[in-house]
Structures are given as C-alpha cells and as structure tokens.
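The values are calculated or read from the model by the stated rules, or taken from the named source; none is laboratory data. No experiment lies behind these values; they were computed from the predicted model shown. Using ideal geometry, Cβ is built from the backbone for each residue, glycine included, and neighbour counts are taken over all protein chains shown. Calculation scope for accessible area: heavy atoms of the full protein, side chains included, ligands and nucleic acids excluded. Shrake-Rupley method; radii C 1.70, N 1.55, O 1.52, S 1.80 Å.
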Amino acid sequence: MKLLASCLKALPWLMVLLLAAAAGGCGGGGGGSAGAGMGTLTISLTDMPACGFDEVNVTVRKVRVHRSSSASDTDGGWTDMTLNPARKINLLDLTNGVLETLGEMPLVAGHYTQLRLVLDPNTGAGFANSVAPQGGVLTALATPSAVQSGIKLIHEFDVTPGRRVDLVLDFDACRSIVQRGNGTFGLKPVIKVRPFLLNGVSGFVDAALLGANVMVTAQQNGDVKQSTAPNPLTGEFLLSRLAPGNYDVVFTADSRATAVITAVPVADITSIVPVSTDAARITLPPSATQKVDGKVTLNPASAGTDASVAAKQKFGASPTVTVKSVIADNLAAGAYEIPLPSGAPQLGAYSATLPIVFTAQAGMAGLYTIEAAASGYATQSASVNISTTDKTQNFVLVP
C-alpha cells in the first residue's frame, strides 16, 4: 500500500511533464516534416543538485543530433532543434524529477549516436550563463567549448517511423561547476542521457535538515548514480530515473553524521520505492566537522585536465559509499578541501516495513579513504583519521 501511495503521489508530476512535452515545440533544421519514414524526438532537461550554489543558470540555444559519434560540429548530416528565443534555465529548479522540455522535432528514422547541447555565449550586458554561490552575487560562468561547438553527448538511440522517442539530458551541476583560484567559475559539463521515465527512490527528510545543505544520493559500489536535494519547503525527495538494481542511499548534511540505507531495490523502470514517510522522516544526528585538504599534482602536467577528490567510507564487507567529492582547483596548483563529519555514521538495512532502523557505527567515526582521480592518470587513495583533528593529504598522479 505504501508503494502504491508513493506511485500515486508521483502521478501529478508525470501528468505535468507529459502535458509539457505535448505542448513543447521548437523550430528544427534539416529534419523535414513528419511523414513516411519519419519519427519524433523530444528532448527535456533535468538536474542533479549543485553544491554550494543558490543559482546555476544556462541558456540553451540549440540541440543537435547525428548518426555518427565521431562527427565534428562542422560535418554535414546534423539535424538541429533551435530554441527561438534561446531559453535561460536555472538548473536548481530541475531537481527531484522535475523536467524542462526543450522541444521536439521530426527526425528521419534510423540509428543515432550523438547529441550536442549548444549554449548561448556570455555577451552583452547580462549573463547568459552564470552562478550565484550561496549568499553571494551572480557571477559569469565560463563556457567556451559549449558555446563554440556544443556539449558533446555520446548516446545511441533508434527512431522508428511514426513513433516518438523521449530523452532526458540529466545535468550534474554539482560536478560540472569548477571554482578557479582567481575567483571565477568554469563549466566542465557532466551530463547523462536517460530515457524518459519516472521511477526511483522516494522519501522525506527531517525539516531540521533543510537549511543544512542536505544531499541524498543513490550509489552502487561508491559510484554516485543519482543525487538530489530535498524540496526546501516539504523535505520530500525523489531519486529518479534509476536503472533497475540495488542501490545504497546516502544522506549527508552540514554538521550532521552520515546515514546510509543499504540495498534499496529498484525493480524496474516504473518502480518508486519509499525509504521514509512524512510521518517518520529520515533524520541525522549532530556531528562535529573536520576537514581534509591538500593538493593534487598531475605529473606530467595537463592544462585541460581537472582532478577530482572523493571521501569514501567502507562499512565492513559492504558497502563502500562516497560521502563527499570535489574538483581540485587547477588554477591554485590543484588545491582541494573537503569538510566531513567526524561522528559515527549511521547504517540501516532496507526493509519494506518502515521506518528503517539505523545503528551508529562507532568504530568508523572519522575514518575515511581519500581518493584522487583524473582522466588519463592512475587513481590514488590514502586512509585518514579526522576523528579529532583536520588532516592534510597530498597526491601526485602519474599515468
């Protein structure tokens, strides 16, 4: 009954999204009109939450599709969906399964392997693309590659005559915004292309957490598959569009201990699995905070490569989860800093009978594995103990 109630609760969202998709429409180039041998492609945008920002704005000008994954932006064979006028979108409005429909276009039936999302440049008096750090002022977001040729997305899909294909571009703003040492911000886009569906893991967090940057993630073996920030007014969350499988659901918040629910089963592409209810919400006990900082050096240096740093915890034989991750600042010699709870994390096994029972893992308090990685370099890790004090951990990554 609880699963049915959760599914019914999600239906208004789905109805709104379907109506938006039906109403959306933009001018297309190179696609022709719908008819024999033609299908329809609909593109929507959604977002994982951004860390430490009040706004993350992008202005979408065009979506392009091509049959070849190796086609450059100047090659022939592209079909374009142009937004006229270009649409400015605050990605932080698109969490918890909310979609922004960019439009639809007729498309020749066939097999396609590449999409490109093209953004407007920051020209003129206003910012087409910008960020506002928490409590800060609106600042330009540098997007050079996205403006010039479009953000390249490799994804295979088939268009069949007379049928509709609905795709969602899932923007991970948390991993996509890089703060530079000179106070500027750059876009290193991390976007996943997903089918249009509504499934996942739902629940509620305690209202006391809502002002503390609470984050909920669905993970497998410490790899974050989806994340969201709960509704700031209601505390409700939905980790949507998950591939069928088992997930560890991780809850974090400022000055609070981490909580993990293990092996939450998502059976299929329509299952919505509740892990808490409005009457029995997830809460996190208070915790002191320590930090791990340091530098990640790439040897040899690579001007266009950013390093990421993740703080992970392993609960006995399983699971391993990522508590927090950041991008090292390549304009500040690879500097990074991760604030982390030093208190005991909470562990609970999934049960269809709610509420989930959590147990404090006292032996794991303040114990983390810090992992540094960069494309083209061997990943390195080190164990740290921040139960009583901050720690500095430097890395030198080599190919």
Considering only Ala128, Ala365, Ala349, give the residue with the highest GNM mean-square fluctuation for the chain, with springs between Cα atoms whenever their separation is below 10 Å. Ala349
Between Leu41 and residues 5 or more places away or on another chain, the pairs with built amide H atoms under 5 Å apart involve Met105, Leu107, Val165
For Arg164, what accessible area in Å² do you get when you roll a 1.4 Å probe over the heavy atoms of the protein chains, rounding to the nearest 10? 110 Å²
May I ask you to rank Ser69, Ser276 by accessible area, largest first, using a 1.4 Å probe over the protein chains only? Ser69, Ser276
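I want the local charge near Leu242. Using Cβ-Cβ distances under 15 Å, sum +1 for each Lys or Arg and -1 for each Asp or Glu among the other residues.
On the way: positive: Lys192, Arg194, Lys225, Arg241; negative: Asp170, Asp172, Asp223, Asp248, Asp268.
My count for the surroundings of Leu242 gives -1.
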Alpha-carbon centroids, the stretch 206-272 and the stretch 60-89: separation in whole Å: 33 Å
Can you list the residues, at least 5 places off or on another chain, whose amide H is less than 5 Å from the amide H of Ala142, using H built in the peptide plane? Phe185, Gly186, Leu187
For the chain, modelled as a GNM with alpha-carbon contacts under 10 angstrom, which of Ala259, Ala362, Ala328 fluctuates the most? Ala362
Measure nothing fancy, just the Cα-based angle from helix 2-23's long axis to the longest principal axis of the chain, in degrees from 0 to 90, nearest 10. 30 degrees
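Give the relative contact order (percent, whole number) for the stretch 63-185; include only Cα pairs under 8 Å separated by 6+ residues. Could you put the intermediate results ahead of the total?
Numbers: 149 pairs, mean separation 33.2, N = 123.
Computed over the stretch 63-185, the figure is 27 percent.
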Based solely on C-alpha atoms, express the radius of gyration and the Dmax of the stretch 129-168 in angstrom. 17.3, 50
With the contact rule set at Cα under 8 Å and sequence spacing of 6 or more, what percent relative contact order holds for the stretch 260-338? 28 percent
In sequence order, what are the phi-derived ³J(HN,Hα) couplings for the stretch 54-62 according to the Karplus relation 6.51 cos²θ - 1.76 cosθ + 1.60 with θ = phi - 60°, rounded to whole Hz, with x for glycine and proline? 8, 9, 9, 9, 10, 10, 8, 9, 7
How high is the relative contact order of the chain, given as a whole-number percent (alpha carbon pairs under 8 Å, six or more residues apart)? 14 percent
Quick one: Karplus J couplings for the stretch 347-356, per residue in order, coefficients 6.51, -1.76, 1.60, θ = phi - 60°, nearest Hz, x for Gly and Pro? 10, x, 8, 4, 9, 5, 8, 9, x, 5
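Ordered by packing density, taken as the mean number of other Cβ atoms within 10 Å over each peptide's residues, highest first, how do 351-359, 85-93 rank?
Details: 351-359: 13.6, 85-93: 16.1.
For the peptides 351-359, 85-93, the packing ranking is 85-93, 351-359.
Please arrange Leu138, Leu117, Leu233 by accessible surface area, largest first, computed with a 1.4 Å probe and ligands excluded. Can you show the working numbers first?
On the way: Leu138 80, Leu117 0, Leu233 155 Å².
My answer, sorted largest first, is Leu233, Leu138, Leu117.
Enter the accessible area per residue of the chain (Å², integer; probe 1.4 Å; all protein chains in place).
Values: 17030 Å² over 399 residues.
Value for the chain: 43 Å² per residue.
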Counting sequence-distant residues (5 or more places) and residues on other chains, those with an amide H built under 5 Å from that of Ala328 are Ala307, Ser308, Val309
For the stretch 273-280, what does the Karplus curve 6.51 cos²θ - 1.76 cosθ + 1.60, with θ = phi - 60°, yield as ³J(HN,Hα) per residue in whole Hz, taken in order and with x for Gly and Pro? 9, x, 10, 7, 10, 4, 7, 9
